[in-house]
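Let me begin by presenting the structure, written as structure tokens, before commenting on it.
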Amino acid sequence: MPEESIQHINFEELNNKAISQPLINHIYTADPSAHVFNGKIYIYPSHDVDAGEAFDDLGSHFAMEDYHVISMDSPSGEAKDNGVALHVNDVPWAEKQMWAPDANEKDGKYYLFFPAKDYNGIFKIGVAVSDVPTGPFIPQPEAIKESFSIDPAVFKDDDGSYYMYFGGIWGGQLQRWRDGSFNATQPESPLAHLPGNNEPALCAKIAKLTDDLLAFAEAPKDVVIVDENGDPLLQGDNDRRFFEASWVHKYNGKYYFSYSTGDTHFICYAIGDNPYGPFKYAGKILEPVVGWTSHHSITEFNGEWYLFYHDSSLSKGVTHLRSIKVAKIEYDENGFIKTIKPYGS
Ligand code: FUB
């Protein structure tokens with residue numbers, strides 16, 4: 001939601017109309033990646049802080065330093081903050097900006113996947129491991145080889161394969177990797193290095209993970225989203241094209257790739273027949289929330305489906321001080337998701 005519209009919001013009225021309230025009130029949290037492990041919900045969010053950084057279009061004011069894991073017995077239950085699970089000071093390769101993480105489980109071990117800027121100012125993705133879902137997590141000494149950009153989401157398929165989806169444009173630097181290596185020679189503007197409006201949009205990336213979940217088993221490939229004619233979405237299609245916040249879930253045998261459209265503030269989705277896609281654009285899951293960013297995850301719990309998301313209502317619109325929320329998702333008879341209006345009709 002653009003800053004200028006936030007200035008006119010009556011937050012008391014908005015909070016009364018909101019379809020859900022913040023799950024956690026004592027700290028700011030965002031980018032909730034929710035999973036069910038051993039019958040319980042674990043949410044891996046960003047931990048928002050005000051580090052005093054100036055606002056810019058590269059997201060420098062999102063200067064997060066650590067992660068907390070939130071647990072819940074059910075989507076309507078109490079949300080428990082399990083304390084610091086990983087701090088940037090404990091990650092040898094990472095300097096700053098611990099952005100949206102995800103986690104997954106394999107053979108009784110838990111893996112936290114997280115982006116951060118290295119000491120050259122380049123976003124990479126790291127892994128940290130724990131014996132319990134709440135951490136603390138022990139980081140690997142190096143970032144994942146050949147990883148780049150932000151917003152990892154790790155999907156476990158029914159055959160036991162794990163895939164990482166990742167990437168984000170503007171401050172997420174995806175546009176600087178178009179030639180396969182980091183383009184450091186040009187300006188830092190978020191709009192530099194992007195394709196033209198009539199060119200195919202930049203895509204999120206997918207890479208299968210190795211058996212130990214610590215590395216890419218293959219070179220990352222494009223996650224292509226196509227329109228109703230089977231043509232790739234264009235960069236100028238701001239209401240539908242990928243910006244950041246990849247997530248994948250499976251429903252009735254189909255793969256649902258969902259993501260944020262960034263500067264138009266929607267959570268959209270597209271449907272495919274396999275983890276690699278292509279994915280056909282299918283619609284909007286969430287209308288814009290208060291705050292600039294929108295980032296989510298989708299999880300099944302006891303046969304019902306839930307959207308975990310965030311907004312900036314608790315901080316009265318401060319874009320980098322967000323709060324995680326949850327709402328129920330409904331599918332129609334054809335498997336399409338009904339669009340959620342976060343503040344009612
Ligand atoms: O939380 C920092 C960044 O904001 C995330 O990595 C993006 O997805 C956006 O939510």
Measure off, as a whole percent, the carbon and sulfur share of the 1.4 Å-probe accessible area of the chain, all protein chains present. 46 percent
How large is the accessible surface per residue of the range 104-224, computed with a 1.4 Å probe and reported in Å² as a whole number? 43 Å²
Ordered by number, the trypsin sites (Lys or Arg not before Pro) in the range 300-345 that occupy a DSSP loop and have at most 15 other Cβ atoms within 10 Å are Lys316, Lys338
Per-residue HN-Hα couplings for the range 32-48, Karplus 6.51 cos²θ - 1.76 cosθ + 1.60 at θ = phi - 60°, whole Hz, x for Gly and Pro? x, 9, 9, 9, 9, 10, 6, x, 10, 8, 10, 10, 10, x, 6, 10, 6
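Could you tell me what fraction of 2.2 N^0.38 Å the Cα radius of gyration of the chain comes to, as a two-decimal ratio?
0.91
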Quick check: Cα centre of the range 14-66 to Cα centre of the range 100-175, how many Å? 17 Å
From the helices alone, meaning DSSP H stretches of at least four residues, give me the mean residue ellipticity at 222 nm for the chain, per-run term -39500 (n - 2.57), in deg cm²/dmol to the nearest 500. -500 deg cm²/dmol
Just in the range 215-315: which GluC sites (Glu not before Pro) are loop by DSSP and have at most 10 other Cβ atoms within 10 Å? Glu228
Set Lys80/Lys338; Lys156/Lys341; Lys117/Lys221; Lys109/Lys338; Lys145/Lys316 screened for pairs whose C-alpha atoms are more than 31 Å apart: Lys109/Lys338; Lys145/Lys316
Solvent exposure of the range 255-315 as accessible area per residue, Å², 1.4 Å probe: 25 Å²
So what's the net charge close to Gly167: Lys and Arg +1, Asp and Glu -1, counting the other residues with Cβ under 9 Å from its Cβ? -1
How fast does the range 18-141 diffuse by Stokes-Einstein, in µm²/s, taking the Kirkwood radius from C-alpha pairs at 37 °C and 0.692 mPa s? 220 µm²/s
Would you give the gap between the C-alpha center of the range 220-265 and the C-alpha center of the range 308-332, rounded to a whole Å? 20 Å
When only C-alpha pairs under 8 Å and at least 6 residues apart count, what is the relative contact order of the chain, in percent? 17 percent
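The values are calculated or read from the model by the stated rules, or taken from the named source; none is laboratory data. Computed from a predicted structure; not experimentally measured. We place every Cβ from the backbone using ideal geometry, glycine too, and count neighbours over all the protein chains shown. These area figures cover heavy atoms from the full protein model, side chains too; ligands, DNA and RNA do not enter into them. Shrake-Rupley method; radii C 1.70, N 1.55, O 1.52, S 1.80 Å.
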